[in-house]
Amino acid sequence: MKVKICLVGEHAVGKTSLIKRYVLNEYDDRYIVTLGAKVSKKEMLLTPKSGEPVQMDMTIWDIMGSKGFRELLREAYFHGAQGILAVADITRYDTLEDLDSWVESVFRTVGEIPVVFTVNKVDLKDQAAFGEEQVKQATEAFDAPFFYVSAKTGENVEDVFRHLGETIAARGFSEP
């Protein structure tokens, strides 16, 4: 099963770092601006509730975190997406608030697809700008699950990608 997922969110929330941790199990704390989009690939073996193991080839699109860019090129970058990781930075409340418009932008392009909210930088929770109540409010409208992760430590990174993969696989098997 081949799937395309897009990571969305404001600049410097850690989208590139999450992908690097997941795909290469590496972390680099230097901030490097993503220009345009970068595409990575990762294979995973899933065992959905339907029983049969599924080999999933995940194409992961890392998209520049700029609102102007998002609207300009959303058709090109979001086209064909089957899942979204919406990423916020726990130390910046505005990054959580802005996820609404990022997710809506993808939905306008490809329809409603599975979305998982990801609160990154949980290793900096002593600097948290918001708590679980605000995260629940943000995810409520999309009936979406959320994970606290750290690209730096690797905490829950594998879990969040696996959860999204399983949700996409389950949806793929339930559709005619």
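The values are calculated or read from the model by the stated rules, or taken from the named source; none is laboratory data. Predicted, not measured: the structure shown is a model, and the values here were computed from it. Cβ: placed from backbone, ideal geometry, glycine included. Neighbour counts: every protein chain shown.
Just to check your reading of the model, which residue among Lys121, Lys136, Lys152 is at positive phi and of a type outside the set (Gly, Ala, Ser)?
Lys121
Which residues, counting only those in region 115-169, are in contact with a Pro (Cβ under 8 Å, 6 or more places away or on another chain) and without any contact (Cβ under 8 Å) to a residue 24 or more places away in the chain?
Hit for region 115-169 is Thr139, nothing else.
Looking at region 110-144 only, could you name the residues that are surrounded by fewer than 17 Cβ atoms within 10 Å (Cβ to Cβ), of a type outside the set (D, E, K, R) and assigned to a helix (DSSP H, G or I)?
Leu124, Gln127, Gln134, Gln137
Out of all the residues in region 145-176, which are of a type outside the set (A, V, I, L, M, F, W, C), more than 18 Å from Asp100 (Cα to Cα) and not in a loop (DSSP other than H, G, I, E, B)? If you could, list the steps in order and put the result at the bottom.
Pass one, region 145-176, residues of a type outside the set (A, V, I, L, M, F, W, C): 145, 148, 150, 152-156, 158-159, 162-163, 165-167, 171-172, 174-176.
In the following step, the residues that additionally are more than 18 Å from Asp100 (Cα to Cα) were identified as 150, 152-156, 158-159, 162-163, 165-167, 171-172, 174-176.
Hits for region 145-176 are Glu158, Asp159, Arg162, His163, Gly165, Glu166, Thr167, Arg171, Gly172, Ser174.
Can you tell me which condition Ser101 does not meet? The list is (1) at pLDDT 95 or above; (2) assigned to a helix (DSSP H, G or I), and all the others hold.
(1)
Could you list all residues from region 38-73 that are modelled with pLDDT under 75, surrounded by 11 or more Cβ atoms within 10 Å (Cβ to Cβ), under 19 Å from Thr95 (Cα atoms) and not polar (S, T, N, Q)?
Across region 38-73, the qualifying residues are Met64, Gly65, Lys67, Phe69, Arg70, Glu71.
Answer yes if at least one residue in region 20-35 is modelled with pLDDT of 90 or more, more than 19 Å from Val116 (Cβ to Cβ) and touching a strand residue (DSSP E or B) at 6+ places or on another chain (Cβ under 7 Å), and no otherwise.
Looking only at region 20-35, we keep the residues that are modelled with pLDDT of 90 or more, and these are 20-27.
Add one more test, that the residue is more than 19 Å from Val116 (Cβ to Cβ), and what stays is 24-27.
The next check asks that each one be touching a strand residue (DSSP E or B) at 6+ places or on another chain (Cβ under 7 Å); those that pass are none.
Scanning region 20-35 turns up no residue that is modelled with pLDDT of 90 or more, more than 19 Å from Val116 (Cβ to Cβ) and touching a strand residue (DSSP E or B) at 6+ places or on another chain (Cβ under 7 Å).
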